[in-house]
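Asker: This is the structure I want to talk about, given as structure tokens.
The values are calculated or read from the model by the stated rules, or taken from the named source; none is laboratory data. Quick caveat: nothing in here was measured; it's all calculated off a predicted structure. Cβ: placed from backbone, ideal geometry, glycine included. Neighbour counts: every protein chain shown.
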Amino acid sequence: MELECFVMTPFPPEMVPGRPDRDWMDDFMQRFPYRCLPLVMANTTGWEILCPTDITIVWNGGILKNDLQITCDADPGYNLEHIVQSHFTHGVVTFHTGYMFRTPPGYSVMASGPPNIVKDGIAPLSGLVETDWLPFPFTMNWRMTRPGMVSFKKGEPFCFVQVVQNKSQDEIQPVIKQLESDPELKKQFEAWAETRQNFNDSLMARNPEAMKEAWQKFYFKGERPDAKGEVVSDGHVNRRRLKTPKIIRAKPAR
């Protein structure tokens, strides 16, 4: 299966597999947030499109296009129109990805901001695009949350793309149940809750073994507490290995 990325500009922004690292996660003692596997997996389940230069965005709070000013910090003469502009008014910042995406039938591209990155003063707007037929590119938009200034640095992701199976979503039926309706699952939950409480109590008591272990790794390893260390899911993944986009050069015309 391929995600085709057709170049729409002479110098398209770099596109890379999602990276696990986040500055705010690094700032925690012992990089504690990286122990949360769902957080790290979200960071890496998609491809980042990177800002090609440093830019500054200033919004005065108005609704007009000219109320939002965008400049290039590194090169005042840089042509930003092919990368970012004020297009939709009302403090919306529009980035051009530089690509037209094409997916196999039934698959779409979800475009959003990079997961678990928080920017003060601006928020990403997500979009689901039917890229299995669309013959033109889409944009990535952010909206200023208050008047002021924000910046994007060179190499910072401004768009995060994921491939999703589109129409199958309509076939999913959420069903709300009582836990007692699944005795086996209830038993597994109770086993986890007991080990969780015992482990936390041991940490509070500064038990040497618990202090050395530091945190329970059942989910990280794909194990259940009642399964005595047995991996219970063949599909468990604790590290994403997305492919780096490969470049196919056009053959010269004869």
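Asker: If I filter region 113-126 for residues that are of a type in the set (S, T, N, Q) and part of a strand (DSSP E or B), do I get at least one hit?
Answerer: Here is the first cut: in region 113-126, the ones of a type in the set (S, T, N, Q) are 116, 126.
Right, trim to part of a strand (DSSP E or B) and you get none.
Within region 113-126, not a single residue is of a type in the set (S, T, N, Q) and part of a strand (DSSP E or B).
Asker: How many of the residues making up region 83-103 are closer than 16 Å to ASN141 by Cβ, assigned to a loop (DSSP other than H, G, I, E, B) and either touching a Ser or Thr at 6+ places or on another chain (Cβ under 7 Å) or in contact (Cβ under 8 Å) with a residue 60 or more places away in the chain (or both)?
Answerer: Number satisfying all stated conditions: 5.
Yes or no, residue by residue, for (1) in contact with a Lys or Arg (Cβ under 8 Å, 6 or more places away or on another chain); (2) among the acidic types (Asp, Glu); (3) outside the structural domain of PRO20 (by TED's automatic domain parsing); (4) surrounded by 15 or more Cβ atoms within 10 Å (Cβ to Cβ):
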{"site": "ASP73", "(1), (2), (3), (4)": "no, yes, no, no"}
{"site": "VAL92", "(1), (2), (3), (4)": "yes, no, no, yes"}
{"site": "VAL118", "(1), (2), (3), (4)": "no, no, no, no"}
{"site": "ASP132", "(1), (2), (3), (4)": "yes, yes, no, yes"}
{"site": "LYS153", "(1), (2), (3), (4)": "no, no, no, no"}
{"site": "VAL163", "(1), (2), (3), (4)": "no, no, no, yes"}
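Asker: May I pose another question? Restricting attention to region 33-44, does a residue exist that is within 30 Å of PHE220 (Cβ to Cβ), surrounded by 12 or more Cβ atoms within 10 Å (Cβ to Cβ) and among the basic types (Lys, Arg)?
Answerer: Scanning region 33-44, I find at least one residue that is within 30 Å of PHE220 (Cβ to Cβ), surrounded by 12 or more Cβ atoms within 10 Å (Cβ to Cβ) and among the basic types (Lys, Arg), so the answer is yes.
Asker: When you look at ARG239, is it modelled with pLDDT of 75 or more and not aromatic (Phe, Trp, Tyr), yes or no?
Answerer: yes
Asker: Name every residue in region 165-199 that is surrounded by 15 or more Cβ atoms within 10 Å (Cβ to Cβ) and in contact (Cβ under 8 Å) with a residue 40 or more places away in the chain, in order of residue number.
Answerer: ASN166
Asker: Among the residues of region 6-55, which ones are in contact with a strand residue (DSSP E or B) (Cβ under 8 Å, 6 or more places away or on another chain) and either in a helix (DSSP H, G or I) or among the acidic types (Asp, Glu) (or both)? Show your work before the answer.
Answerer: Looking only at region 6-55, we keep the residues that are in contact with a strand residue (DSSP E or B) (Cβ under 8 Å, 6 or more places away or on another chain), and these are 6-9, 12-19, 44-51, 53-55.
If the condition is that a residue be in contact with a strand residue (DSSP E or B) (Cβ under 8 Å, 6 or more places away or on another chain) and either in a helix (DSSP H, G or I) or among the acidic types (Asp, Glu) (or both), then GLU14, THR44, GLU48, ASP54 are the ones that fit.
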